[in-house]
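To keep things clear, I will list the structure first and then write my remarks on it.
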Ligand SMILES: N[C@@H](CCC[C@H](N)C(=O)O)C(=O)O
């Protein structure tokens with residue numbers, strides 16, 4: 001198969017995008033295709049695969065597959081890239097439009113023009129906080145905030161947030177010492193999270209800034225995670241270390257995102273999206 005693709009990234013969180021308006025791909029091939037394109041040696045190299053697809057539920061649809069071929073329900077960096085692609089390729093004509101995800105519809109606004117969209121703002125919707133909806137095992141509570149969490153003999157405190165996909169957020173004193181590659185993969189697969197979990201470590205810099213590192217479910221360490229940055233700001237506010245309705249700058253490994261948890265309970269994200277390669281992927 002010769003598959004036309006575009007490689008895009010949000011702050012270094014990179015995906016291979018296939019425009020299925022022009023090039024439909026059969027469902028049963030997507031798991032293997034995601035693994036194939038993501039492979040840096042025999043494929044293109046990325047954190048996964050994203051389909052930009054037609055839908056009657058929104059102006060454009062997005063499906064995201066992690067590096068291991070598993071499907072995620074949401075992807076903040078992917079959404080900004082899909083919005084940029086859709087506007088620059090004239091799949092949509094207005095600067096504000098809806099995108100369908102497996103976690104529901106979101107509204108995106110592009111900043112720039114048809115030749116070059118530089119930034120995108122996305123209304124990421126309301127965070128989901130009930131333990132059972134994360135999902136996380138244990139007695140039902142409305143919010144899991146700074147709950148004791150022992151893993152590999154270490155006593156941590158976890159705050160969990162779903163942005164349509166599950167996140168476990170941990171505060172650290174020094175982001176450079178965060179146990180990303182040691183505890184990240186263990187927490188991802190911890191039995192308390194029946195659907196696995198994305199793992200974030202955050203360090204508060206001041207009332208308006210956070211340092212952030214992520215171990216993503218299905219992809220491992222990535223340079224950035226948009227839903228993770230939203231979840232981390234919600235977690236910081238739930239822990240009463242930051243305030244609602246103020247824009248927080250999240251410093252990710254690949255750059256900055258600007259996140260606000262508004263008084264109406266919706267989380268807004270603003271940040272860059274970039275195109276790096278277009279080409280043809282040859283797949284046997
Ligand atoms: N990188 C993404 C999230 C991708 C999906 C995630 N790994 C999952 O399985 O939930 C983002 O920018 O949000």
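Quick one: is residue 176 surrounded by 16 or more Cβ atoms within 10 Å (Cβ to Cβ) and more than 17 Å from residue 241 (Cβ to Cβ)? Walk me through how you get there before you give the answer.
Values: surrounded by 16 or more Cβ atoms within 10 Å (Cβ to Cβ): no; more than 17 Å from residue 241 (Cβ to Cβ): yes.
No, not satisfied.
Scan the range 254-273 for residues that are closer than 30 Å to residue 33 by Cβ and surrounded by fewer than 18 Cβ atoms within 10 Å (Cβ to Cβ) and report the count.
Going through the range 254-273, the residues closer than 30 Å to residue 33 by Cβ turn out to be 254-255, 257, 269, 271-273.
Restricting the remaining residues to those that are surrounded by fewer than 18 Cβ atoms within 10 Å (Cβ to Cβ) gives 255.
So the answer is 1.
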Quiz item: Here are some conditions: (1) assigned to a strand (DSSP E or B); (2) touching a helix residue (DSSP H, G or I) at 6+ places or on another chain (Cβ under 9 Å); (3) under 30 Å from residue 22 (Cβ atoms). Residue 278 meets all but one. Which one does it not meet?
Solution: (2)
Quiz prompt | So residue 94, is it within 24 Å of residue 61 (Cβ to Cβ), touching a helix residue (DSSP H, G or I) at 6+ places or on another chain (Cβ under 7 Å) and surrounded by fewer than 14 Cβ atoms within 10 Å (Cβ to Cβ) | solution = no
Practice problem: Determine which single condition residue 65 fails, assuming it passes every other condition in (1) part of a loop (DSSP other than H, G, I, E, B); (2) touching a residue at least 24 places away in the same chain (Cβ under 8 Å). | Solution: (1)
Practice problem: Being in contact with a strand residue (DSSP E or B) (Cβ under 8 Å, 6 or more places away or on another chain), under 27 Å from residue 94 (Cα atoms) and away from the ligand (no atom under 16 Å from the Cβ) is the filter here, so list the residues in the range 43-60 that pass it. | Solution: 53, 54, 55, 57, 58, 59, 60
Self-check item: Only listed residue being within 22 Å of residue 220 (Cβ to Cβ), surrounded by 13 or more Cβ atoms within 10 Å (Cβ to Cβ) and modelled with pLDDT of 95 or more, chosen from 160, 107, 121
Solution: 160
Quiz prompt | Breaking point among (1) over 28 Å from residue 196 (Cα atoms); (2) within 16 Å of the ligand (Cβ to nearest atom), for residue 78 | solution = (1)
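Conditions (1) surrounded by 13 or more Cβ atoms within 10 Å (Cβ to Cβ); (2) closer than 14 Å to residue 67 by Cα; (3) out of contact with any strand residue (DSSP E or B) (no Cβ under 8 Å at 6 or more places or on another chain), marked per residue:
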| site | (1), (2), (3) |
| --- | --- |
| 3 | yes, no, no |
| 6 | yes, no, no |
| 11 | yes, no, no |
| 14 | yes, yes, no |
| 26 | no, no, yes |
| 30 | yes, yes, no |
| 38 | yes, yes, no |
| 41 | no, yes, yes |
Exercise. Within the range 220-245, track down each residue that is surrounded by fewer than 24 Cβ atoms within 10 Å (Cβ to Cβ), in contact (Cβ under 8 Å) with a residue 24 or more places away in the chain, touching a strand residue (DSSP E or B) at 6+ places or on another chain (Cβ under 7 Å) and assigned to a loop (DSSP other than H, G, I, E, B).
Key: 223, 239, 241, 242
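The values are calculated or read from the model by the stated rules, or taken from the named source; none is laboratory data. All of these numbers come straight from a predicted model, not from anything done at the bench. We place every Cβ from the backbone using ideal geometry, glycine too, and count neighbours over all the protein chains shown.
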